[in-house]
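Peer 1: Please see the structure below; I have some questions.
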Number of protein chains: 2
Amino acid sequence: MAIKKIGTQTVKFDSPPIITGTSSTVGPKEGEGPLSQYFDVILKDDLYGEKSWELAESKMLRETAKLAVENANRKLSDMEYMFSGDLLNQLMSASFAARDLAIPFFGLYGACSTMTQSLSLGAMIIDGGYADNLIALTSSHFSSAERQFRFPLEHGNQRKLTAQWTVTGAGAAVVSSLGDGPQIDYVTTGKVVDLGIKDINNMGAAMAPAAADTIVKHFEDTGLPTNYYDLILTGDLGQIGKEITEELVLDKGYNILKNYNDCGLLIFDNGAQDTHAGGSGCGCSATVFCGYIYKEMMKRNLNKILLISTGALMSVTSSQQGESIPGIAHAVSIINQGS
Amino acid sequence: MAIKKIGTQTVKFDSPPIITGTSSTVGPKEGEGPLSQYFDVILKDDLYGEKSWELAESKMLRETAKLAVENANRKLSDMEYMFSGDLLNQLMSASFAARDLAIPFFGLYGACSTMTQSLSLGAMIIDGGYADNLIALTSSHFSSAERQFRFPLEHGNQRKLTAQWTVTGAGAAVVSSLGDGPQIDYVTTGKVVDLGIKDINNMGAAMAPAAADTIVKHFEDTGLPTNYYDLILTGDLGQIGKEITEELVLDKGYNILKNYNDCGLLIFDNGAQDTHAGGSGCGCSATVFCGYIYKEMMKRNLNKILLISTGALMSVTSSQQGESIPGIAHAVSIINQGS
């Protein structure tokens, strides 16, 4: 067997798994943003015909899964595993979507790092020979997240300028052993990093050290130069977190200033749309990757991507108990075949 | 490459991963139960020197991890991945334990199915060649679970006779590519099954259909006779769920009446300890497996085990919205080498 583990936290695939299809669904506000044209479905109403925001989120996840499978020219019954999670307590969206989809289900919680967590595990399961097709997917919903983590929307609380805006959206990717589409060459799995930030209105700063740690580890483990990638893209650090990450990575001797961006800065026009420091939520990197990035890769406008979804692992309970916010980030290297 | 997937939901390992060491920690009540002698650590006080039950739970998980690594004759720095989750919102126990342990971390949520979910994924990652050692672990805590899912303990609510008692405990298993100990031959990954039960005081009944589905699938996929196993052991169905499972499995033509039990019926003396229908929680199958079963396997009193941890994927929000309880169960076949 070839050596698959390189360095301390990175896997290099013998038979790189292929992302044979994706799909994305977003809410009305995301549909008015700069990436509007890239999303498969834009909801007119964030209740999506359901009686609660949580059920709407679960429906988004379920319907996005079905469309991704269709886009990958496969059938739902071809999906051997579903790797999914979301922000809701006990994964209400993913658990209920898994019930309806009836695919063997591994529930994940990595907060907003779920997109790359699911792609990382999915890629190992495909390359390892345990499945030929599976689906990796996640979602978030502004209204279900606000009321769970912060305040009822009816309070009309003023939002701090460091705060981010949870994306209403779901992204799904079909990972296969054979087929057309960009391939997953490496995954770098993150450790939990916590530098002591306690401000739940400044999640970008809380997650930045974890993002920087995983990015640096990726380049250390692979030996690749940072300019190997057309784009290095974190999940939802927003403006403040992005700047901290650039600095922390530079401190370790890696310069990513020219080819680094953050999904939270791409999905909204943060000035005009009043989203403050940027987009956030599992759905942020999920919809930006499964919508914008995947489509630009298929057009060969982008060929080599390092996607690092980023999660803040706090809960209402941990915050109320005065604990700081642990961060995590997982990196997935996605490369156009033959590029 | 040899065929690894057999049937529709089961993986058979080429190089069966080995459980090279385990550890278990339980609370005072569990320490007074019938399996008392099998646990490595019995807490005198369920706060474990911490200022909250949630932090106590996280400390249990962390300390149990360290002891499992020691029992496996390995170092913490040998652990390449940590697969863990718990019942708390946003995995407060596992996330904070992962921060302290500083091992690359995959957070899982499968409710009380987490022990076999983490063993299943861990086994695929070891057999696939992505790591040589990793740790699979989970916890639950009666007091943190009661106040999150039900009522503040201070209310002194009367508990229904169908209710179960969440185990205070943590179990951890080191899974390795080489070494001594029982091996993992098969994993059967469950689908979410929901027959419409809405009573959160009768979780055994809600989870039983998922348990039965996975057990039947395991025997269909592997072609093994049900008496192949010395013991078929579900996670935390309790008395009511166990009886339903026996019937549902028998309906499908598989008789497990002679060699089937449930961890929730083993960990407490449910009559004398007033735990009603039985033990429950992620910690139930985790401590029974990592304590009792593993030690009996090492003594060769038990040689062939099918462990099926069982999860109820509801949340407070889903229950309040009138939704039924989705169940899930994952099966892991654990066999003494040379038996």
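The values are calculated or read from the model by the stated rules, or taken from the named source; none is laboratory data. What you see is a predicted model, and the numbers here were worked out from it, not measured in a lab. Cβ coordinates were reconstructed from backbone atoms using ideal geometry, including for glycine residues, and neighbour counts include every protein chain displayed.
Peer 1: Looking at the stretch A:1-38, which of the residues that are more than 27 Å from A:Phe142 (Cα to Cα) and β-branched (Val, Ile, Thr) is nearest to the chain's Cα centre (by Cα)? Write out each step before concluding.
Peer 2: Initially, the stretch A:1-38 is screened for residues more than 27 Å from A:Phe142 (Cα to Cα), giving A:1-20.
After this cut, where a residue has to be β-branched (Val, Ile, Thr) as well, the list is A:3, A:6, A:8, A:10-11, A:18-20.
Values: A:Ile3: 28, A:Ile6: 24, A:Thr8: 23, A:Thr10: 18, A:Val11: 19, A:Ile18: 17, A:Ile19: 15, A:Thr20: 17 Å.
Residue satisfying both the conditions and the ranking: A:Ile19.
Peer 1: Name the one entry in A:Thr64, A:Thr20, A:Thr10 that is of a type in the set (Ser, Thr, Tyr) and under 25 Å from A:Phe149 (Cα atoms). Give the derivation first.
Peer 2: Numbers: A:Thr20 fails: under 25 Å from A:Phe149 (Cα atoms); A:Thr10 fails: under 25 Å from A:Phe149 (Cα atoms).
The match here is A:Thr64.
Peer 1: Condition (residue is buried (at least 24 other Cβ atoms within 10 Å of the Cβ), closer than 24 Å to A:Met124 by Cα, touching a strand residue (DSSP E or B) at 6+ places or on another chain (Cβ under 6 Å) and more than 8 Å from every other protein chain (Cβ to nearest Cβ)) applied to the stretch B:139-150: is it met by at least one residue?
Peer 2: So far as the stretch B:139-150 goes, no, none of its residues is buried (at least 24 other Cβ atoms within 10 Å of the Cβ), closer than 24 Å to A:Met124 by Cα, touching a strand residue (DSSP E or B) at 6+ places or on another chain (Cβ under 6 Å) and more than 8 Å from every other protein chain (Cβ to nearest Cβ).
Peer 1: Still on this structure, please answer the following. Take the residues in the stretch B:198-218 that are within 23 Å of A:Leu134 (Cα to Cα) and more than 13 Å from chain A (Cβ to nearest Cβ); name whichever of them is surrounded by the most Cβ atoms within 10 Å (Cβ to Cβ).
Peer 2: Looking only at the stretch B:198-218, we keep the residues that are within 23 Å of A:Leu134 (Cα to Cα), and these are B:210-211, B:213-218.
This time we only want the ones that are more than 13 Å from chain A (Cβ to nearest Cβ), so: B:211, B:215-216.
Values: B:Ala211: 33, B:Ile215: 27, B:Val216: 19.
Only one residue tops the list, namely B:Ala211.
Peer 1: Of a type in the set (S, T, N, Q) and either more than 19 Å from the chain's Cα centre (by Cα) or surrounded by fewer than 18 Cβ atoms within 10 Å (Cβ to Cβ) (or both) - does that describe any residue in the stretch A:159-167?
Peer 2: Yes, because at least one residue in the stretch A:159-167 is of a type in the set (S, T, N, Q) and either more than 19 Å from the chain's Cα centre (by Cα) or surrounded by fewer than 18 Cβ atoms within 10 Å (Cβ to Cβ) (or both).
Peer 1: Follow-up. I need the full set of residues from the stretch A:294-311 which are crowded, with 24+ Cβ neighbours inside 10 Å and under 18 Å from A:Gly169 (Cβ atoms), in order please.
Peer 2: A:Tyr294, A:Leu307, A:Ser309, A:Thr310, A:Gly311
Peer 1: Within the group B:Ile135, B:Ile125, which residue is more than 19 Å from A:Thr214 (Cα to Cα), over 18 Å from the mean Cα position of the chain (by Cα) and either free of Cβ contacts under 8 Å to residues at least 12 places away in the same chain or surrounded by 24 or more Cβ atoms within 10 Å (Cβ to Cβ) (or both)? Before you say what the answer is, go through the steps one by one.
Peer 2: Values: B:Ile135 fails: over 18 Å from the mean Cα position of the chain (by Cα).
Going through B:Ile135, B:Ile125 in turn, just one is more than 19 Å from A:Thr214 (Cα to Cα), over 18 Å from the mean Cα position of the chain (by Cα) and either free of Cβ contacts under 8 Å to residues at least 12 places away in the same chain or surrounded by 24 or more Cβ atoms within 10 Å (Cβ to Cβ) (or both): B:Ile125.
Peer 1: Another question, if that's okay. Given A:Lys44, A:Lys59, which one is of a type in the set (D, E, K, R) and away from chain B (no Cβ under 14 Å)? Before you say what the answer is, go through the steps one by one.
Peer 2: On the way: A:Lys59 fails: away from chain B (no Cβ under 14 Å).
Matching residue, one of A:Lys44, A:Lys59: A:Lys44.
Peer 1: What's the number of the condition A:Ala331 fails, among (1) surrounded by fewer than 24 Cβ atoms within 10 Å (Cβ to Cβ); (2) touching a residue at least 24 places away in the same chain (Cβ under 8 Å)?
Peer 2: Unmet for A:Ala331, out of (1) surrounded by fewer than 24 Cβ atoms within 10 Å (Cβ to Cβ); (2) touching a residue at least 24 places away in the same chain (Cβ under 8 Å): (1).
Peer 1: Is it the case, given these coordinates, that B:Leu195 is farther than 30 Å from A:Gly128 by Cβ, not charged (D, E, K, R), not in a helix (DSSP H, G or I) and not assigned by TED's automatic domain parsing to the domain that holds B:Ser93?
Peer 2: Values: farther than 30 Å from A:Gly128 by Cβ: yes; not charged (D, E, K, R): yes; not in a helix (DSSP H, G or I): yes; not assigned by TED's automatic domain parsing to the domain that holds B:Ser93: yes.
So B:Leu195 passes the test.
Peer 1: Counting only residues that are aromatic (Phe, Trp, Tyr) and within 20 Å of B:Ser118 (Cα to Cα), which one in the stretch A:66-111 is farthest from the other protein chains (Cβ to nearest Cβ)?
Peer 2: Taking the stretch A:66-111 and keeping what is aromatic (Phe, Trp, Tyr), we get A:81, A:83, A:96, A:105-106, A:109.
Imposing the further condition that a residue be within 20 Å of B:Ser118 (Cα to Cα) reduces the set to A:81, A:83, A:105-106, A:109.
Working: A:Tyr81: 7, A:Phe83: 9, A:Phe105: 6, A:Phe106: 6, A:Tyr109: 4 Å.
My answer is A:Phe83.
Peer 1: Which number in (1) at pLDDT below 95; (2) within 27 Å of B:Phe13 (Cα to Cα); (3) not charged (D, E, K, R) marks the one condition that B:Gly235 misses?
Peer 2: Among (1) at pLDDT below 95; (2) within 27 Å of B:Phe13 (Cα to Cα); (3) not charged (D, E, K, R), B:Gly235 violates only (1).
Peer 1: Filter the stretch A:238-257 down to residues that are β-branched (Val, Ile, Thr) and free of Cβ contacts under 8 Å to residues at least 60 places away in the same chain and give me whichever is farthest from A:Thr8 (Cα to Cα).
Peer 2: At the first step, the residues of the stretch A:238-257 found to be β-branched (Val, Ile, Thr) are A:240, A:244-245, A:249, A:256.
Filter once more, keeping what is free of Cβ contacts under 8 Å to residues at least 60 places away in the same chain: A:244-245, A:249, A:256.
Details: A:Ile244: 24, A:Thr245: 21, A:Val249: 18, A:Ile256: 21 Å.
The selected residue is A:Ile244.
Peer 1: Tell me, please, whether a residue that is touching a His at 6+ places or on another chain (Cβ under 8 Å) and either of a type outside the set (Asp, Glu) or touching a residue at least 60 places away in the same chain (Cβ under 8 Å) (or both) can be found in the stretch A:212-223.
Peer 2: Of all residues in the stretch A:212-223, those touching a His at 6+ places or on another chain (Cβ under 8 Å) come to A:214.
Now narrow it down to the ones that are either of a type outside the set (Asp, Glu) or touching a residue at least 60 places away in the same chain (Cβ under 8 Å) (or both): A:214.
Taking every residue of the stretch A:212-223 in turn, at least one turns out to be touching a His at 6+ places or on another chain (Cβ under 8 Å) and either of a type outside the set (Asp, Glu) or touching a residue at least 60 places away in the same chain (Cβ under 8 Å) (or both).
Peer 1: Return a yes/no flag: does the stretch A:184-196 have any residue that is touching a residue at least 24 places away in the same chain (Cβ under 8 Å), within 22 Å of A:Ala94 (Cβ to Cβ) and aromatic (Phe, Trp, Tyr).
Peer 2: No, the conditions are met nowhere in the stretch A:184-196.
Peer 1: Which of the residues belonging to the stretch B:1-49 are part of a strand (DSSP E or B), over 18 Å from B:Leu67 (Cα atoms) and of a type in the set (Val, Ile, Thr)?
Peer 2: B:Ile6, B:Thr10, B:Val11
Peer 1: Run down A:Ala111, A:Ala97 and say which single residue is at negative phi and crowded, with 19+ Cβ neighbours inside 10 Å.
Peer 2: On the way: A:Ala111 fails: at negative phi.
The match here is A:Ala97.
Peer 1: Out of all the residues in the stretch A:21-39, is one or more under 15 Å from A:Ile184 (Cβ atoms), surrounded by 15 or more Cβ atoms within 10 Å (Cβ to Cβ) and out of contact with any Ser or Thr (no Cβ under 6 Å at 6 or more places or on another chain)?
Peer 2: Scanning the stretch A:21-39, I find at least one residue that is under 15 Å from A:Ile184 (Cβ atoms), surrounded by 15 or more Cβ atoms within 10 Å (Cβ to Cβ) and out of contact with any Ser or Thr (no Cβ under 6 Å at 6 or more places or on another chain), so the answer is yes.
Peer 1: Right, another one. Applying the selection to the stretch B:240-264, what residues are surrounded by fewer than 23 Cβ atoms within 10 Å (Cβ to Cβ) and either of a type in the set (Val, Ile, Thr) or in contact with a strand residue (DSSP E or B) (Cβ under 8 Å, 6 or more places away or on another chain) (or both)?
Peer 2: First, pick out the residues of the stretch B:240-264 that are surrounded by fewer than 23 Cβ atoms within 10 Å (Cβ to Cβ): B:240, B:242-244, B:246-248, B:250-261.
Selection gives B:Ile240, B:Lys242, B:Ile244, B:Glu246, B:Ile256, B:Asn259, B:Tyr260, B:Asn261.
Peer 1: Something else now. Please enumerate the residues belonging to the stretch A:115-135 that are more than 9 Å from chain B (Cβ to nearest Cβ) and not hydrophobic (A, V, I, L, M, F, W, C). Spell out how you get there, then give the answer.
Peer 2: Restricting attention to the stretch A:115-135, the residues satisfying the condition of being more than 9 Å from chain B (Cβ to nearest Cβ) are A:115-116, A:118-119, A:122-123, A:126, A:133-135.
Those that are more than 9 Å from chain B (Cβ to nearest Cβ) and not hydrophobic (A, V, I, L, M, F, W, C): A:Thr116, A:Ser118, A:Gly122, A:Asn133.
Peer 1: Continuing with this model, one more query. Condition check: in a helix (DSSP H, G or I) and crowded, with 20+ Cβ neighbours inside 10 Å. Does B:Glu54 satisfy that? If you could, list the steps in order and put the result at the bottom.
Peer 2: Details: in a helix (DSSP H, G or I): yes; crowded, with 20+ Cβ neighbours inside 10 Å: yes.
Yes: the conditions hold for B:Glu54.
Peer 1: Continuing with the same structure: Show me the helices (runs of 4 or more DSSP H) entirely contained within the stretch B:64-176 in which 2 or more residues are in contact with a Cys (Cβ under 9 Å, 6 or more places away or on another chain), small (Gly, Ala, Ser) and not assigned by TED's automatic domain parsing to the domain that holds B:Asn202.
Peer 2: Details: elements: B:92-101, B:114-127, B:142-149.
No helices (runs of 4 or more DSSP H) qualify here.
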